[in-house]
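*Asks:* Below is one structure. I have some questions about it.
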Amino acid sequence: MSDDQATPTPVTVIGLGSMGRALAEAFLGAGHPTTVWNRTAAKAAPLVAAGAVHAASVRAAVEASPLVVTCLTTFGDTRSALEPAGAALSGRALVTLNSGSPADARATAGWAAGHGARFLAGAVKNVPAAVGAPDTLLYYGGDESVFDEYGTTLRVLGGDTVHLGSGTDLAALYEMAVGAMLLPALVGFFQGAAALQARGLEADSMVRFAGKWLDMIKSLLPGYAKEIDSGDYTDAASSVDLFLAGAAHDKALGEETNVDTTWIDPLNDLLRRAVDAGHGSHSISALTEVLRGEGSAGARRSS
Ligand SMILES: NC(=O)c1ccc[n+]([C@@H]2O[C@H](COP(=O)([O-])OP(=O)(O)OC[C@H]3O[C@@H](n4cnc5c(N)ncnc54)[C@H](OP(=O)(O)O)[C@@H]3O)[C@@H](O)[C@H]2O)c1
């Protein structure tokens, strides 16, 4: 059965935690006949009240729909939960929407292929409350025929839905690549908030300025990507040396406010290693060379 607005594709959602529940609600809201299953059966109740069918077993859940969407904690959890339904996967489209490593996505793709399922591994790049919104980003890697056939159904989960390519590990790779920015950015915000509190100021007072700072950082990304892709770091608007000079300020702030800034030490060490590798006068994006383990003096295509 293919995607057709007039007769919405039946969908099965397996895994009804915070995210899985939001996925099932979005399918229900768009009029898709939706079958659900969860290890802890009680979590299906609100969805059944909203019109979902609660399958008695994971196998019955898989058998109910041509498109099976899973949202369990890990790929390993997904494989073990689906194992009793392995034979029923043959000829169906399996779409995973959990976090995990590229290697685990490939392992799950092999497992799905072994059961005769067509496979897409996806990632939801937002919180459950954003599922279904026009600008919510989800990306997928794997069998393009699944995306071609069920793209309209998958777009119910978010308007910014992208097929990255046939590699089944691509969504996991991009999720980890983009996700790597989250913790450093947030810890930086939390450090700033702690420093303000040390002066009797509220964290809320920095939100507007922090937002503008993030906008500025966002504006720099295309230029840095160009430098990294070309390997030419010589046109340095902000050099590694400049960032390293700022390292002393972090220490001074920590001492003045009694805020623990030691989480920055490994980042400053990275700057020092970049200088040692000959990147002091290069753009800060030359840190990529050190992170890639190729900290040779000079960038690939720079002098
Ligand atoms: N929540 C978010 O903000 C968010 C955002 C983006 C991506 N994600 C990703 O989405 C995935 C699910 O997240 P979540 O927030 O929905 O997590 P959650 O609320 O903790 O739910 C986890 C789900 O996985 C099931 N599960 C775990 N291990 C299982 C196993 N061995 N067998 C059967 N079922 C198992 C749980 O079943 P029980 O109910 O029986 O425990 C539950 O349905 C994760 O990979 C997460 O990284 C989440």
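*Asks:* Among bridges DSSP assigns within the stretch 86-179, what percent are antiparallel (round to 5)? List each step's numbers first, then the result.
*Replies:* Values: 5 of 14 bridges.
Counting DSSP beta bridges with both partners in the stretch 86-179, the antiparallel share is about 35 percent.
*Asks:* Across the stretch 266-272, in residue order, what do the Karplus-derived ³J(HN,Hα) couplings come to in whole Hz, using 6.51 cos²θ - 1.76 cosθ + 1.60 with θ = phi - 60° and x for Gly and Pro?
*Replies:* x, 5, 5, 5, 4, 4, 4
*Asks:* Let me have the relative contact order for the stretch 188-303, percent, based on Cα pairs under 8 Å that are six or more residues apart.
*Replies:* Details: 114 pairs, mean separation 37.0, N = 116.
Reported relative contact order: 32 percent.
*Asks:* Which value in Å does the Kirkwood hydrodynamic radius of the stretch 1-101 take, with 1/r averaged over all unlike C-alpha pairs and then inverted?
*Replies:* On the way: mean 1/r = 0.0752 Å⁻¹.
Value: 13.3 Å, from the Cα pair sum.
*Asks:* Tell me, what is the Rg over Rh of the chain, with Rh the Kirkwood radius over Cα pairs? Walk me through the numbers before you get to the answer.
*Replies:* Working: Rg = 23.5 Å, Rh = 22.0 Å.
Over the Cα atoms of the chain, Rg/Rh equals 1.07.
*Asks:* Taking the Cα centre of the chain as origin, sum charge times position over the Cβ atoms of Lys and Arg (+1) and Asp and Glu (-1), and report the length of that vector in debye to the nearest 20. Walk me through the numbers on the way to the answer.
*Replies:* Details: 21 positive and 32 negative charges, 122 e Å.
That gives the chain a dipole magnitude of about 580 debye.
*Asks:* Can you list residues whose amide H is under 5 Å from Val53's amide H, if they're 5+ apart or on another chain and H is modeled 1.01 Å from N?
*Replies:* Sorted by chain and number, the residues that satisfy this are Thr34, Thr35, Val36.
*Asks:* Name the long-range amide H neighbours of Ala117: under 5 Å, sequence gap of 5 or more, or other chain; modelled H, no Pro or chain starts.
*Replies:* Counting only residues 5 or more places away or on other chains, the set is Gly91.
*Asks:* Kirkwood hydrodynamic radius for the stretch 157-247: how many Å is it when counted over pairs of different Cα atoms? All intermediate terms of the calculation are to be shown ahead of the outcome.
*Replies:* On the way: mean 1/r = 0.0604 Å⁻¹.
16.6 Å is the Kirkwood radius here.
*Asks:* Over all distinct alpha-carbon pairs, what is the Kirkwood Rh of the stretch 11-177 in angstrom?
*Replies:* On the way: mean 1/r = 0.0657 Å⁻¹.
Result for the stretch 11-177 stands at 15.2 Å.
*Asks:* Which whole-number percent gives the relative contact order of the chain, counting Cα pairs below 8 Å spaced six or more residues apart?
*Replies:* Values: 515 pairs, mean separation 36.3, N = 303.
The value is 12 percent.
*Asks:* Straight-line reach from Lys212: which lysines have Cα under 27 Å away, leaving out those fewer than 8 places along the same chain?
*Replies:* Result set, ordered by chain and number: Lys125, Lys226, Lys251.
*Asks:* Please report, in whole Å³, the volume per residue of the convex hull around the C-alpha atoms of the stretch 203-291.
*Replies:* On the way: hull volume 9.3 nm³, N = 89.
Residue-normalised Cα hull volume stands at 104 Å³.
*Asks:* First select every other residue whose beta carbon is under 13 angstrom from the beta carbon of Pro134; then total the charges, Lys and Arg +1, Asp and Glu -1. Before the final figure, lay out the partial values.
*Replies:* Details: positive: Arg155; negative: Asp135, Asp160.
Taking every Cβ under 13 Å from that of Pro134, the sum is -1.
*Asks:* A further question on this structure: Over all alpha-carbon pairs in the stretch 94-194, figure out the percentage whose distance exceeds 19 Å. Write down the numbers at each step before the final one.
*Replies:* On the way: 2304 of 5050 pairs.
That tail contains 46 percent of the Cα-Cα pairs.
*Asks:* At Asp269 and Ala245, where each label point lies 7 Å from the Cα along Cα→Cβ, what is the point-to-point distance in nanometres?
*Replies:* Using points 7 Å along Cα→Cβ, the separation is 2.6 nm.
Each value in this text was obtained by applying a stated rule to the coordinates, not by laboratory testing. Since this is a predicted model, take the numbers as computed values, not measurements. Because the Cβ atoms are built from the backbone with ideal geometry, glycine has one as well, and the counts that use them run over all protein chains shown.
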